[in-house]
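Values in this text are rule-based calculations from the coordinates and carry no lab data. Keep in mind it's a predicted model, so treat the numbers as computed, not measured. When we count neighbours, we look across all protein chains shown, and the Cβ atoms used for this are built from the backbone with ideal geometry, even at glycine.
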Ligand code: LIP
């Protein structure tokens, strides 16, 4: 696991430098996916090529799942789950909350998660059973821990919205039911950043319908290793149907509110 951990960190760092230093001043949209606002830039593609090529050079038998290139098989039992830029719209607009998210899965279980947030000089890391850590560019580190003892009405909750018009309309209806029941809402634009914010105690919880495995694989391990709970509805694992992350004692009440508010529909 240590080799996977170190390879994930070094690769996230190399990709981060490329994304910051080589970002074209005239960066535009290369193409769109699920809707006209679901954008991909040339840098998304370049980052994913760099990440996969670098890891494959070190570990040629591994499998991959990348947001832009899809799935590729392997023989080692290790699968890398990669979001080359999570928060692409933020990256396109020059906003700071975008991340490089890399997770390593062994025999179907994520054991290493790394989320780099370059514009904030922060690297979130987690290894199964070894806790979660925030490393800053000045070299300082701190162990991460989710907030505890937070009641629903005092919870600061991060969320996000999809790209399809109909889904966004339903998510707004869900939000109407959630907003009066919690302290407040935050919307960063990156699921991986939101999950790491839960682990760092910067928000108390996160939920969203839509994010894919590459959006949440690494960040979910960071939350779990920071003492939080990550799941879907009714005991399901996190999935594009719904991902919920919260500190101890808050997950249950938030889950029930979201079920009641229709967060997994539309
Ligand atoms: C983003 C997610 C975020 C969601 C955004 C977008 P992308 O992923 O991380 O949680 O709210 O709409 O889907 O598309 O930037 O990789």
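Some values worked out for this structure:
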| read-out | value |
| --- | --- |
| Label-reachable residues, region 97-123, where backbone N falls under 14 Å from a point 7 Å from residue 202's Cα toward its Cβ | 97-100, 115-123 |
| Simple label model, 7 Å out from Cα along Cβ direction - residue 53 to residue 234, nm | 4.6 nm |
| On Cα atoms only, tilt of 213-225 relative to the major axis of the chain in degrees | 70 degrees |
| Solution diffusion estimate, µm²/s, Stokes-Einstein, region 147-227, Kirkwood Rh from C-alpha pairs, 10 °C, viscosity 1.306 mPa s | 122 µm²/s |
| Projected area averaged over orientations for the chain, convex hull of C-alpha atoms, nm² | 13.2 nm² |
| Sequence-separation-based contact order of the chain, relative, with Cα cut under 8 Å and 6+ spacing, percent | 17 percent |
| Value of Rg to Rh for region 111-170 (Rh from inverse mean 1/r over Cα pairs, i.e. Kirkwood) | 1.11 |
| Tail weight of P(r) past 27 Å, computed on alpha-carbon pairs of region 2-143, percent | 20 percent |
| Cα Rg, Dmax, region 190-249, angstrom units | 9.8, 27 |
| Most mobile of 127, 58, 12 in a GNM of the chain (Cα contacts under 10 Å) | 58 |
| Additional length obtainable on full extension of the chain from residue 6 to residue 130, 0.36 nm per residue less Cα span | 43.3 nm |
| The chain: angle of helix 2-21 to the longest principal axis, Cα-based, in degrees nearest 10 | 90 degrees |
| Fraction of antiparallel bridges per DSSP, the chain only, in percent to nearest 5 | 80 percent |
| Relative exposure of 31, 163, 206, judged by other C-beta atoms within 10 Å (fewest first) | 31, 163, 206 |
| Computed FRET value (nearest 0.05) for residue 36 with residue 93, which takes r as the C-beta separation and R₀ as 25 Å | 0.95 |
| Residue 75-residue 14 pseudo-label distance in nm [points 7 Å out on the Cα-to-Cβ vector] | 2.3 nm |
| Degrees, to the nearest 10: 42-58 long Cα axis against longest axis of the chain | 60 degrees |
| Top of 47, 99, 69 by mean-square fluctuation, Gaussian network on the chain, Cα under 10 Å | 69 |
